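The values are calculated or read from the model by the stated rules, or taken from the named source; none is laboratory data. Given the structure is predicted, the values throughout are model-derived calculations rather than measurements. Counting neighbours? That spans all protein chains shown, and the Cβs are built from the backbone with ideal geometry, glycine included. Ligands, DNA and RNA are excluded from the accessible area calculation, which covers all protein heavy atoms including side chains. Shrake-Rupley method; radii C 1.70, N 1.55, O 1.52, S 1.80 Å.
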Amino acid sequence: DERDIYVEVVGQPAAYAGNLPVWLSPVQVTILPITDRNMEYAREINERLIENGIRVELDERNEGIGKKIRDAELKKIPYIVVLGDEEQKNKNISFRIHKKGDQGSRSLDEFIEGLNRLIKGKALHYEI
């Protein structure tokens, strides 16, 4: 039950070191467009995630992608969606998992389905 999960996560803070399970994370996904050309596509992805009940933030800063990824890692956001010309052309996404790195490309529907499965199941891991 949820109390057991609460004790598991909150009762052992050292075990998680601030890396909350995705269902507890205030921000579950951050979207990082590589260039301004990808911003409109990033906004579309942002809307789809919000429509599916996922807590998301869109990083619209004019910074390099390396800095955006580092900043998202420091914030301990479980999923980092990276959108460039290739993703936009193929209408898919590339994503990273916090502390595990690049997970490759997938369709947005597959990503949402996997993420929702983890959230609803209150999973303690990030692998979709």
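Couple of notes before you dig in:
- When DSSP beta bridges are restricted to pairs lying wholly in the chain, around 50% turn out antiparallel.
- Where the chain is the region considered: accessible area per residue in Å², 1.4 Å probe: 56 Å²
- Within the accessible surface of the chain, defined with a 1.4 Å probe on protein heavy atoms only, the carbon and sulfur portion equals 50 percent.
- For the range 56-117, applying the loop criterion from DSSP together with a ceiling of 16 other beta carbons within 10 Å to the trypsin sites (Lys or Arg not before Pro) yields Arg61, Lys75, Lys76, Lys91, Lys99, Lys100.
- Euclidean distance between Cα centres, the range 33-66 to the range 73-128, Å: 13 Å
- Prolate/oblate/rounded label for the range 53-95 (Cα gyration tensor, a/c 1.5): oblate
- Where Rh is the Kirkwood radius over Cα pairs, Rg/Rh for the chain: 0.98
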